[in-house]
Amino acid sequence: MKLLAPNPGWTSRADVIVVGSGIAGLTTALQIRTFGLSVLLVTKARVDEGSTKWAQGGIAAALGPGDSPDQHEKDTLDAGAGLCDVAAVKVLVSEGPDAVRRLIESGASFDLEESGEIALTREGGHHRNRILHAGGDATGAEVSRALLAAVHNDPQIEVLEHALVLDALKNSDGAVCGVTLHVIGAGSRDGVGRAIGRAVVLATGGLGQVFSQTTNPSVSTGDGVALALRAGAKVSDVEFIQFHPTVLWLGDNSEGQQPLISEAVRGEGAYLLNDAGERFMKSQHEMAELAPRDVVAIAIMREMNRTGAHHVWLDVRHLSGFKERFPTIYASCIAHGIDPTSALIPVAPASHYASGGVRVDLDGRTSVKGLFACGETACSGVHGANRLASNSLLEGLVFSARIAADISKNLPEFSEPVENNSAEFLLDPSVRKTLQASMSRGAGVLRSADSLIATSNDLSRIEGRTSTAACVEAWETTNLFQLANTILRAALIRQETRGSHWREDFPHQSNDWHKRIVQQMDQSGQWRTEYQEVNHS
């Protein structure tokens, strides 16, 4: 299956095509350049508009006194609820400290203690202070700034902005040898073209726009995962959608990206209160407000359902120096008429992070030759059923370096793509809001067979609303539709509650589901599902 699109009108070439300009894509491009290979960096909007710059909390790494990779590993495994790939976690926590040091050497500046040591804080699920942050709550923006500066200084990295990736190109052996893409705007590369490379790396970030409310930017429509699906690549763990528990509540009719209230705020001692002023998390978990975010999100939703409230409250009034420690969050609250130093902040869960994605090995290789994935687009197994806070930026740093090393050793010669004769598909973009609302209702924080089937029925009706007018909005909507189907299928199959997948009709964790659900789609759009044992060695 492929997206309905015009024939490519231009061609570009580079040794490696990197799609995405967050921490995973930028680091991959820079690491590939260390091996003397040319890079075409494709990004959907401006090069600085990915999810990375919105990351408030920071980067987790065992750098502090008394901390160790083993302790970081244990916290990661605990959060992952039995579905983490232990080998992948060991890579993450053991290679993470050096990856962070390389980032600092490249020019990223993190907040320091008065002693000059890196200031480390704690977030939910961590038993040690191991979170590096920059500008208080602007870590992602600083990381993005440092990496972009390095990219712009390298003439062998060509940056192609405002380019939406469409589908993979394959050679006669079935290996990926490029992508088709659409460049928005006039110029020598306008409209649909193709980028030919000896390898393609997908780092397109998340798929939060599948839901009505999300912390993800508008560009996060899962384009890389959808492309990989249509290319026949395996995807895994897609039912595990992490909902951030504390997102600024803007009203029942709010849509799209919502302001995030970082987990680091609770790490500094903020309280969650219900309408009666009670700290309800104290009875829910031994770590109270610092419990893993899936526990906090579900507790908030149940409290809201119990009381009929549309949100709960975050209390930071007792924290000294809040404005200085969290300047971005403070400014966001003020912009919405809330002074957090004197008033409670209304918060509710919103979709935040996809723990699953394109299934990859420890070197970022997908099940399709020539196609790699990293960052939130990928499922390396490090997150299991629920990502530990601030492990996402670290994953981007660590696995992008491994991808670059693997590509440098195994890069084939250039090859020409063969024609893709599979069925074309395109949805009318007007169905997007209906799709998002249905996914939020039936496949959000709380799920059941009834809610999931109702959403599946909605998607069946949506499927008939096809279009022949190829445009960015139609391509994005089609990607969201295919991803929604993938999430629904896995969520219906997994008859248990585990990590960030909560089934109200199967409220307990089951040993029968101590395995990952792997899905694949063939060229005619038919699905195949298999089960994979979790690697605990």
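Restricting attention to the range 106-133, which residues are in contact (Cβ under 8 Å) with a residue 40 or more places away in the chain and of a type in the set (D, E, K, R)?
Arg122, Glu123, Arg128, Arg130
Among the strands (runs of 3 or more DSSP E) confined wholly to the range 129-185, which include 3 or more residues that are under 22 Å from Cys471 (Cα atoms) and in contact with a strand residue (DSSP E or B) (Cβ under 9 Å, 6 or more places away or on another chain)?
Counting at least 3 such residues, we get 163-170, 176-183.
List the number of the failed condition for Glu533; all other conditions in (1) modelled with pLDDT of 95 or more; (2) surrounded by fewer than 23 Cβ atoms within 10 Å (Cβ to Cβ) hold.
So the condition that Glu533 fails would be (1).
Only residues that are within 19 Å of Arg441 (Cβ to Cβ) and of a type outside the set (D, E, K, R): list them for the range 246-263, please.
Passing the criteria: Val247, Trp249, Leu250, Gly251, Asn253, Ser254, Gly256, Gln258.
Okay, residues lined up against (1) touching a strand residue (DSSP E or B) at 6+ places or on another chain (Cβ under 8 Å); (2) part of a loop (DSSP other than H, G, I, E, B); (3) more than 29 Å from Leu492 (Cβ to Cβ):
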{"site": "Val192", "(1), (2), (3)": "yes, no, yes"}
{"site": "Val200", "(1), (2), (3)": "yes, no, yes"}
{"site": "Asn216", "(1), (2), (3)": "yes, yes, no"}
{"site": "Ser220", "(1), (2), (3)": "yes, yes, no"}
{"site": "Ala226", "(1), (2), (3)": "no, no, no"}
{"site": "Gly232", "(1), (2), (3)": "yes, yes, no"}
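Would you call Val238 assigned to a loop (DSSP other than H, G, I, E, B), among the β-branched types (Val, Ile, Thr) and crowded, with 22+ Cβ neighbours inside 10 Å?
Considered against the rule, which asks whether it is assigned to a loop (DSSP other than H, G, I, E, B), among the β-branched types (Val, Ile, Thr) and crowded, with 22+ Cβ neighbours inside 10 Å, Val238 comes out as yes.
Out of the residues in the range 289-340 meeting the condition of being of a type in the set (Ser, Thr, Tyr) and in a helix (DSSP H, G or I), tell me which one is nearest to Leu77 (Cα to Cα).
Thr328
Sort out for me the strands (runs of 3 or more DSSP E) sitting completely within the range 343-401 that have 2 or more residues that are at pLDDT 95 or above and closer than 23 Å to Leu483 by Cβ.
357-359, 371-373
Every residue, every condition in (1) in contact with a strand residue (DSSP E or B) (Cβ under 9 Å, 6 or more places away or on another chain); (2) β-branched (Val, Ile, Thr), yes or no:
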residue	(1), (2)
Val418	yes, yes
Phe425	yes, no
Arg432	no, no
Ser440	yes, no
Arg447	yes, no
Leu452	yes, no
Leu459	no, no
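Which numbered condition in (1) buried (at least 24 other Cβ atoms within 10 Å of the Cβ); (2) not in a strand (DSSP E or B) is the only one that Ala276 fails?
Just one mismatch for Ala276, condition (1).
The values are calculated or read from the model by the stated rules, or taken from the named source; none is laboratory data. Small disclaimer: the values here were computed from a predicted structure and weren't measured. Backbone-built Cβ (ideal geometry, glycine too); neighbour counts: all protein chains shown.
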